[in-house]
Amino acid sequence: MGTLTTRTARLVHRLKPAGPPRIEAATTPDLPAIDALLAPHIASGRVLPRKASADAFLVARQAPGHGGSIVGAVALTAWSDRVVELGSLAVDAPGLGLGTRLVRAAEERAAALGFDRVVALTSSPGFFLRCGWQPSAHSPWARARALDADPAPPMLSAALDRKAQACAACPRLATCTQTMLVTSVARAEAA
Ligand SMILES: CC(C)(COP(=O)(O)OP(=O)(O)OC[C@H]1O[C@@H](n2cnc3c(N)ncnc32)[C@H](O)[C@@H]1OP(=O)(O)O)[C@@H](O)C(=O)NCCC(=O)NCCS
């Protein structure tokens with residue numbers, strides 16, 4: 001059952017003749033709009049603060065005749081040459097499928113860039129599970145707090161250790177309630 005906000009968003013969306021927003025690479029002039037989209041979610045703790053340049057982002061953009069405004073964003077940040085993190089994900093009208101479209105577009109971009117695994121550190125694990133992702137038995141904050149001594153798969157291990165160093169410096173480490181999820185985007189080897 002949707003909230004009033006979600007139902008209103010759906011109605012507005014249906015009334016818009018411009019069609020669904022396009023998902024495309026962000027450019028530097030998009031950064032203020034991306035920051036504005038993410039700011040309330042960073043303030044609420046749902047999205048982790050990140051320093052990322054425009055080339056890390058994909059945005060969902062309304063058609064030019066519709067103002068061309070940015071209505072969704074997602075960023076990819078490499079942890080290693082094989083593992084990349086999907087983060088800074090938000091949409092301005094939830095419940096319309098745009099979050100899923102952004103995740104799919106980011107997965108495709110990750111595969112095209114040659115990554116094998118995409119990870120997400122999130123307070124919305126249910127959304128990523130709906131996208132077909134798997135919970136990870138490991139996380140960088142558990143490593144930073146020495147709570148994760150089990151060996152991780154070789155592909156993830158070095159990347160987790162590097163990320164754990166950043167977690168160790170995070171003021172939220174002791175109270176971190178994020179969940180790590182992972183999906184494979186490795187392209188099948190050519191026959
Ligand atoms: C999380 C977010 C990106 C999802 O985008 P969205 O456009 O609402 O997602 P979709 O419409 O594609 O939803 C796909 C499915 O996931 C479910 N879903 C959406 N958000 C969910 C959540 N937080 N927890 C569990 N399930 C969720 C939807 O109900 C839907 O299920 P259905 O297929 O059974 O209908 C969006 O709600 C958002 O911007 N949230 C605020 C920022 C945030 O929390 N970002 C994630 C941190 S990385």
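We did not get these values from a lab; they are worked out from the coordinates using the rules stated. Predicted model only: the values in this text are computed from it and were never measured. Backbone-built Cβ (ideal geometry, glycine too); neighbour counts: all protein chains shown.
Details
- Only helices enter this figure: runs of n ≥ 4 DSSP H residues, each worth -39500 (n - 2.57), summed and divided by the residues of the chain, yield -10500 deg cm²/dmol at 222 nm to the nearest 500.
- Length-normalised contact order for segment 119-191 - Cα pairs under 8 Å, 6+ apart - percent: 52 percent
- Kirkwood Rh and Cα Rg combined as Rg/Rh, the chain: 0.98
- For segment 132-180 versus segment 85-116, the gap between their alpha-carbon centres in whole angstrom: 21 Å
- A149 versus A137: modelled label distance in nm, points set 7 Å from Cα along the beta carbon direction: 1.6 nm
- The length gained by stretching the chain between S184 and R22 to full extension, at 0.36 nm per residue less their Cα-Cα distance, is 55.9 nm.
- DSSP beta bridges confined to the chain are antiparallel in about 90 percent of cases.
- Model label sites at R172 and H41, defined 7 Å from Cα along the beta-carbon direction, differ in position by 1.2 nm.
- For segment 18-184, the relative contact order is 20 percent, taking Cα pairs closer than 8 Å that sit 6 or more residues apart in sequence and dividing their mean separation by the residue count.
- Using a simple spin-label model with pseudo-atoms 7 Å out from Cα toward Cβ, D81 and R104 lie 3.2 nm apart.
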